[in-house]
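These notes concern the structure reproduced below.
The values are calculated or read from the model by the stated rules, or taken from the named source; none is laboratory data. Fair warning: this is a prediction, and the values are worked out from it, not measured in the lab. Every residue, glycine among them, receives a Cβ derived from its backbone with ideal geometry; neighbour counts consider all protein chains shown. We work out accessible area using only protein heavy atoms, side chains counted, and drop any ligands, DNA or RNA first. Shrake-Rupley method; radii C 1.70, N 1.55, O 1.52, S 1.80 Å.
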Amino acid sequence: MKIVTIVGARPQFIKAFPVSQALRQSYQEVLVHTGQHYDENMSRVFFSELGIPEPDYNLNIGSAPHGRQTGAMMDLIEQVLLDEKPAWVLLYGDTNSTLAGALTAAKLNIPIAHVEAGLRSFNKKMPEEINRIVADHLSSLLLCPSQTAANNLQAEGIQDGVHVIGDVMLDSLQAALEKNKNKITILNKLNLTPHDYYLATIHRAENTDRPERLLSIIEAFSALDRRVIIPLHPRTRKIFSAIGYNIAAHSNVIVIEPVGYLEMACLEQNAHFILTDSGGIQKEAYWLKVPCITLRDETEWVETVQLGWNILVGADTRRIVQSVDEFSTPDEHPQLYGDGQSSKRIVDLIGKWSEA
Ligand code: UD1
Ligand code: UDP
């Protein structure tokens, strides 16, 4: 059986890597990279360090406004699907690459398996919320990381094909920790002492497209009592450059290029706190038992907040600093989002649903 997997952005390479490994033991996978992310450190690095097979197709779409980018992807994905005639299209998450894959496959009546189905922020101003709603409503197999996600789908009238399988990012993280085996090369390279620095990432449109939010966040970082290491997303770097903001003026704020996943896992594992607006990193912080301060007004990963390991603070300088100062580590750390075996469940379910 042939499955076309469509990826395009950093978190999708990381999610797809354990699933592709498991999938290829039983089925033929055709890997399509849309080219949404293309810098060496946003794309290539993940393929080489994680041993992801070369994409069978690189569509080289690159950056563009949402409509143009999604449309250009659909144009090329359609031809791939017509040529390959897969039994399934496998999609991850909520990027424009996900949306383009979902719309194109659905128009060709090819069944879709959606990994990370059912997540909702209930904020349709987020481009990701639109993408995931559309992808979920067009999918035949909805692979949810949590019961909350499955409940969200049920509330929208989606019941068939919904399975709670845990989160493939835990499979990915466990593999990265195994590959790292206590290596701390990146800490030595950056001259960092374990647990004596903050790790931060910012790339979400709601923060980068509103300079007042971005600057309020950086002001908070500059008021923290340790160094703040920021592997800076190119989107955010471009905004700082466009508004002429010199982030290096804050002596404790250290901007570095985006790092590979193995180095990121090491930086996360050894951070005192993580401050982020990323989706994936909130979960990784939880699994690594590192307190997380989320620089957003809502989150899809509500369980991490309910358990007290994650605090939602938005972009307010005072709230960010105060939440770091007042954070108290919860006693409880129950298993969340599965057991690191989700990739295998995906392969089993695709097989089962193909026979149905
Ligand atoms: C995308 C996803 C977001 C995900 C993020 C992961 C959408 C709508 N958003 O956001 O859900 O959390 O990826 O990182 O799909 N750029 C480069 N080099 C690159 C890639 C991007 O310079 O390799 C710059 C370009 O200026 C581009 C901007 O970053 O315009 C934004 O890139 P884009 O892929 O449109 O969105 P992300 O913010 O990366
Ligand atoms: N990540 C990485 N290098 C970096 C920043 C992030 O490998 O410099 C990893 C991170 O550990 C997580 C994933 O990228 O696994 C999250 O991607 P991102 O924050 O870009 O997107 P989101 O999860 O918000 O969609």
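Quick notes
- Selection within region 159-183: residues that are within 16 Å of ligand 2 (Cβ to nearest atom) and among the hydrophobic types (A, V, I, L, M, F, W, C). The member of this set that is farthest from L23 (Cα to Cα) is L177.
- Of the strands (runs of 3 or more DSSP E) lying entirely inside region 72-156, none contains at least 2 residues that are more than 17 Å from H33 (Cβ to Cβ) and either within 16 Å of ligand 2 (Cβ to nearest atom) or without any contact (Cβ under 8 Å) to a residue 12 or more places away in the chain (or both).
- Test: residue in region 38-48 that is of a type outside the set (S, T, Y), in a loop (DSSP other than H, G, I, E, B) and within 15 Å of ligand 1 (Cβ to nearest atom): yes
- Identity of the residue in region 18-41, within 21 Å of Q174 (Cα to Cα) and either open to solvent by less than 10 Å² (accessible area, probe 1.4 Å) or charged (D, E, K, R) (or both), that ends up farthest from the chain's Cα centre (by Cα): R24
- The residue of region 240-290 that is surrounded by the fewest Cβ atoms within 10 Å (Cβ to Cβ), among those that are touching a residue at least 60 places away in the same chain (Cβ under 8 Å) and small (G, A, S), is G260.
- Residue, farthest from R345 (Cα to Cα), within region 97-120, restricted to residues that are within 13 Å of ligand 1 (Cβ to nearest atom) and open to solvent by 10 Å² or more (accessible area, probe 1.4 Å): L99
- A9 fulfils the conditions (1) without any contact (Cβ under 8 Å) to a residue 40 or more places away in the chain; (2) within 27 Å of V259 (Cβ to Cβ); (3) open to solvent by less than 10 Å² (accessible area, probe 1.4 Å) except for a single criterion, (1).
- A residue that is modelled with pLDDT of 95 or more, within 16 Å of ligand 1 (Cβ to nearest atom) and surrounded by fewer than 18 Cβ atoms within 10 Å (Cβ to Cβ) can be found somewhere in region 133-140.
- Residues of region 44-59 classified as open to solvent by 10 Å² or more (accessible area, probe 1.4 Å), within 12 Å of ligand 2 (Cβ to nearest atom) and either closer than 24 Å to K238 by Cα or of a type outside the set (D, E, K, R) (or both), total: 1
- If the condition is being of a type outside the set (A, V, I, L, M) and within 16 Å of ligand 2 (Cβ to nearest atom), then region 1-34 contributes G8, R10, P11, Q12, F13, K15, F17, P18, S20, H33, T34.
- Inside region 212-229, residues that are open to solvent by 60 Å² or more (accessible area, probe 1.4 Å) and part of a helix (DSSP H, G or I) make up a count of 2.
- Condition met for F17 (aromatic (F, W, Y) and touching a strand residue (DSSP E or B) at 6+ places or on another chain (Cβ under 8 Å)): no
- Residue that is farthest from Q306 (Cα to Cα), among those in region 328-340 that are in contact (Cβ under 8 Å) with a residue 24 or more places away in the chain and open to solvent by 30 Å² or more (accessible area, probe 1.4 Å): D339
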